[in-house]
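I have placed the structure first, in the form of structure tokens, so that the comments after it can refer back to it.
Computed from the coordinates by the stated procedures, all read-outs in this text should not be read as laboratory data. Only a predicted model underlies this, so the values are computations on that prediction, with no experimental measurement involved. Positions of Cβ are generated from backbone atoms using ideal geometry, with glycine treated the same way; all protein chains shown enter the neighbour counts.
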Amino acid sequence: MPQSLSLIAGCAPLLAVGCSGGSSGTGGGVSATPPTGTAVNTCARAHQSKHVAYLVVQHLSGQTIERCAGFDGDTIDADAVMKATDIQYQAGGSAMCQIDHEPQQFSDCSPEQAHWSLWLYTAGAWTVPTVGYGQLQLHDRDALGWRYLPAPVPSPSPPPAPRPL
């Protein structure tokens, strides 16, 4: 994977269908909060698998967390990546309501409010997925990206590109 990667800006508003009845991950999250803008990369377990998929989460503060999920099949679905990386999250309907405890509290997960925008990194660039989070399939070295936005943003940039193992 090339070190310098082009980023494609776009907006990925997620459909809001409330926050009840969603799935949640119960991972340990990040044990220590690094300084703003610092990336946390935890990919040690991915070396034991044939393939790896990345998760890149960028908080409103600019703090970036990168994790990896190893898998042996041809693809891995987005929810399996979230679960395998042990990062805390709460999905509701077709929207992501909370990742790594941001926001601390929520009642509405709609893109009209502060929300998580969804990105897919494949073939060396970030794009806005054409399907929802629950339908995303990642291949080897693809990344699932989340960026927390304060409110609707016409053309937000994606999270930072994943760093290869």
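Here are the numbers:
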read-out	value
Kirkwood Rh and Cα Rg combined as Rg over Rh, evaluated for segment 66-112	1.04
Cα shape, segment 37-149, gyration tensor, a/c 1.5 rule	prolate
R0 of 22 Å, Cβ-Cβ distance residue 163-residue 61: FRET efficiency to nearest 0.05	0.65
Efficiency of FRET from Cβ geometry, residue 48 and residue 106, R₀ 45 Å, rounded to 0.05	0.80
Theoretical FRET efficiency, 1/(1+(r/R0)^6), r = Cβ-Cβ of residue 151 and residue 75, R0 30 Å, to 0.05	0.35
Amide H contacts under 5 Å for residue 88, placed H, 5+ residues apart	27, 29, 100
